[in-house]
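The values are calculated or read from the model by the stated rules, or taken from the named source; none is laboratory data. Just so you know, these numbers come straight off a predicted model, no measurement behind them. Ideal geometry is used to build each Cβ from the backbone, glycine not excepted, and the neighbour counts take in all protein chains shown. Only protein heavy atoms, including side chains, enter the accessible area calculation; ligands, DNA and RNA are left aside. Shrake-Rupley method; radii C 1.70, N 1.55, O 1.52, S 1.80 Å.
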Amino acid sequence: MMITPIHRFRDIERKPEYLQPDKCVPPPSQSSLGTMWFIRDGCGIACAVVTWMLVFYADFVVLLVMLVPSRDYIYSVINGILFNMLAFLALASHFRAMLSDPARKLASLFPSKSNATKEFIESLQLKPGQVVYKCPKCCSIKPDRAHHCSVCKRCIRKMDHHCPWVNNCVGENNQKYFVLFTMYIALISMHALIMVGFHFLYCFEEDWTKCSSFSPPTTVILLILLCFEALLFLIFTSVMFGTQVHSICTDETGIEQLKKEERRWAKKTKWMNMKAVFGHPFSIAWLSPFATPDQGKADPYQYVV
């Protein structure tokens, strides 16, 4: 069999002298809010704050520049409720993606960091010939499909990537919330673009001083900025949403695709892969960031032996 770089790396991990906890430094605590998961990364925190500010800016322009001054009461109410509902779901999804441990199941299996000690390995009661792997960076025993994140400073199972916009890794435990976040941001961006188009047409037909509570130059600047923001995030989040759905359907994370890792886990149907992320059975809860996915009897980690 051809030896790939990944195989060579795994072979290094199998050597007894590799499992030496004194050769790496334990990672610092990543939670600053007690039991709540929170990554203390300056860049990620800044990006998360900017994300919320951009949503609030869009809401400000939609409500005070376009809907409130409108003479069509029904149009304003319907679009105001729809936009704010989608914005609320987007921010709720962002909140859960940011504050959810992306590898909760990994932590339950291997609760302590820097646990690659002889005593802990013996306590696992491994079968004859069974191999365990240790991360050279955080000194933790890790199962298959786990990768180390240099920002979170720990191993994340089914890690897709680290997203600064949610200040967290996208992994097995929060991928649903990240997908919902990208979907709802794309929807409110599209909704805002449509409303901006209608508002420009309305203002061209009417007196600009009557179609907004602000002066005409201020109104134009605010609408152009909103249009630019909505178009930019519509493209970005739509691409990210499609990439994530494809990754879920193929049951292959972004890192696994990038590294072209050997597939050692059982193949399942696309529908079963979707259920493994969003929960069993299919329900309206798939669209809710407040519903924690229930994987039911499915075992998404059946590895090929």
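The sole residue among LEU91, LEU64 that is within 30 Å of HIS199 (Cα to Cα), surrounded by 12 or more Cβ atoms within 10 Å (Cβ to Cβ) and modelled with pLDDT under 95 is LEU64. Pairing residues of segment 254-267 that are within 13 Å of ASP160 (Cβ to Cβ) with residues that are assigned to a helix (DSSP H, G or I) and hydroxyl-bearing (Ser, Thr, Tyr), at Cβ distances under 9 Å and at least 6 apart in sequence or on separate chains, gives GLY254/THR243; GLY254/SER247; GLU256/SER247; GLN257/SER247; GLN257/THR250. Kindly indicate whether any position in segment 164-176 is open to solvent by 50 Å² or more (accessible area, probe 1.4 Å) and over 12 Å from the mean Cα position of the chain (by Cα). No: segment 164-176 contains no residue that is open to solvent by 50 Å² or more (accessible area, probe 1.4 Å) and over 12 Å from the mean Cα position of the chain (by Cα).
Residues are listed down the side, and each one gets a yes or a no for (1) part of a helix (DSSP H, G or I); (2) in contact with a strand residue (DSSP E or B) (Cβ under 9 Å, 6 or more places away or on another chain); (3) open to solvent by less than 30 Å² (accessible area, probe 1.4 Å); (4) at pLDDT below 95:
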{"site": "CYS47", "(1), (2), (3), (4)": "yes, yes, yes, no"}
{"site": "MET53", "(1), (2), (3), (4)": "yes, no, no, no"}
{"site": "PHE56", "(1), (2), (3), (4)": "yes, no, no, no"}
{"site": "ASN79", "(1), (2), (3), (4)": "yes, no, yes, no"}
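Pairs meeting the criteria (first residue in segment 275-299 and on the phi > 0 side of the Ramachandran plot, second residue modelled with pLDDT under 90, beta carbons under 7 Å, at least 6 apart or on different chains) are GLY279/PRO293; GLY279/ASP294; GLY279/GLN295; GLY296/HIS280.
Filtering segment 94-113 to residues that are among the charged types (D, E, K, R) and at pLDDT 75 or above leaves ARG96, ASP101.
Among the helices (runs of 4 or more DSSP H) confined to segment 199-305, the ones with at least 1 residues that are closer than 30 Å to VAL61 by Cβ and either modelled with pLDDT of 85 or more or open to solvent by 70 Å² or more (accessible area, probe 1.4 Å) (or both) are located at 216-250.
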